[in-house]
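First comes the structure, then the notes that go with it.
The values are calculated or read from the model by the stated rules, or taken from the named source; none is laboratory data. As the structure is a prediction and not an experimental result, all values here were calculated from the model. Ideal geometry is used to build each Cβ from the backbone, glycine not excepted, and the neighbour counts take in all protein chains shown. Surface accessibility is based on the protein's heavy atoms, side chains included, excluding ligands, DNA and RNA. Shrake-Rupley method; radii C 1.70, N 1.55, O 1.52, S 1.80 Å.
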Amino acid sequence: MLFELIKSLSPSEKGYFRKWASSGFDDSGSASYLKVFSALDEMKVDDDEILSRKTKTTISKLHLSKNYLFSSLLQSLGQFHQENLVQIGLLRTIENFHLLVS
């Protein structure tokens, strides 16, 4: 699911995530989940063994990084699409209002 999500991101979304994720880290100490993101982005198939070798991470740590990456991606996408989310929220409010009126 994570692999497919990363592959479905637009270049703008990927760039935004990289900036968002690296904002709290210096170049030498970037987060392991950002390394996992970059490796998955380059890969053609989702394979934990290959990913583990590419990121020089054990499988158990890799799973932790992937879980953190998934939640971080969702947070980042929420901020990236914040403008659209506000519009969707307003539409739902209007929809609820129409339901209550009728």
Restrict the check to the stretch 32-48 and report whether at least one residue is surrounded by fewer than 10 Cβ atoms within 10 Å (Cβ to Cβ) and in a loop (DSSP other than H, G, I, E, B).
yes
How about the stretch 1-31: which of its residues are outside any helix (DSSP H, G or I), modelled with pLDDT under 95 and either open to solvent by less than 40 Å² (accessible area, probe 1.4 Å) or in contact with a Leu (Cβ under 9 Å, 6 or more places away or on another chain) (or both)?
Phe25, Ser30, Ala31
Could you please let me know if Glu42 is farther than 16 Å from Lys7 by Cβ, of a type in the set (Asp, Glu) and out of contact with any Leu (no Cβ under 8 Å at 6 or more places or on another chain)?
no
Residue, nearest to Glu4 (Cα to Cα), within the stretch 49-82, restricted to residues that are open to solvent by 30 Å² or more (accessible area, probe 1.4 Å) and in a loop (DSSP other than H, G, I, E, B)
His81
